[in-house]
Amino acid sequence: MAEPIVLLLSGPNLTLLGERQPEIYGVATLEDHVGRARAAARAHGIELEHFQSDAEADLVREIHRARGRARAIVINAGALTHYSWSLHDALAAFDGVVVELHLSNPDAREPWRHQSVISPVADGSIAGFGGLGYELAIEAVAALIGAR
């Protein structure tokens, strides 16, 4: 039987992790975080695909491509979390598990970060645990899809 596929989506500016505001986001790079997620996925017999883009349309396209193919999406949409209704609509049309992920805790930051348009279409959100959040998101997905 083929391993279930989980799509990990990374939004704008996440390629700057490790350099941008390390006091908020830490010193680990996006590659480091994806590596943690891949290791957690392997432990559960999950195939992890990662896609990053600074362009909203590219992320929407990847969500559409995941329909009927991936069992879950883990999304760190960056600032798009707070205003991208196109991501909201694309995720609402996805027929699998959706986990929203944030390195920092948006509710402990600027007021404009307190609203998520992703949360209403996500099965759950993981925020504020830094890089550990990537492992926690995969653990949650594995439990929800019944991976080994």
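The values are calculated or read from the model by the stated rules, or taken from the named source; none is laboratory data. All values reported here derive from a predicted model rather than from experimental measurement. Quick reminder, even Gly has a Cβ in these numbers, built from the backbone with ideal geometry, and neighbours come from all protein chains shown.
Would it be correct to say that residue 17 is surrounded by 19 or more Cβ atoms within 10 Å (Cβ to Cβ) and modelled with pLDDT under 95? Write out each step before concluding.
Details: surrounded by 19 or more Cβ atoms within 10 Å (Cβ to Cβ): yes; modelled with pLDDT under 95: yes.
Against the criterion (surrounded by 19 or more Cβ atoms within 10 Å (Cβ to Cβ) and modelled with pLDDT under 95), residue 17 qualifies.
What number of residues in segment 110-128 are free of Cβ contacts under 8 Å to residues at least 12 places away in the same chain and assigned to a loop (DSSP other than H, G, I, E, B)?
2
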Selection within segment 81-131 - more than 15 Å from the chain's Cα centre (by Cα) and surrounded by 16 or more Cβ atoms within 10 Å (Cβ to Cβ): 113
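Working only within segment 78-95, note down all residues that are at negative phi, in a helix (DSSP H, G or I) and either out of contact with any His (no Cβ under 9 Å at 6 or more places or on another chain) or not hydroxyl-bearing (Ser, Thr, Tyr) (or both). Full working, then the answer.
Step one: of segment 78-95, the residues at negative phi are 79-95.
When the remaining residues are screened for being in a helix (DSSP H, G or I), the result is 79-82, 85-92.
Matches in segment 78-95: 79, 80, 82, 85, 86, 87, 88, 89, 90, 91, 92.
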Some residue of segment 92-100 being of a type in the set (A, V, I, L, M, F, W, C), closer than 15 Å to residue 4 by Cβ, touching a helix residue (DSSP H, G or I) at 6+ places or on another chain (Cβ under 8 Å) and at pLDDT below 95: no
Conditions (1) of a type outside the set (Lys, Arg); (2) modelled with pLDDT under 95; (3) in contact with a Leu (Cβ under 6 Å, 6 or more places away or on another chain); (4) closer than 18 Å to residue 70 by Cα: number failed by residue 3: (3)
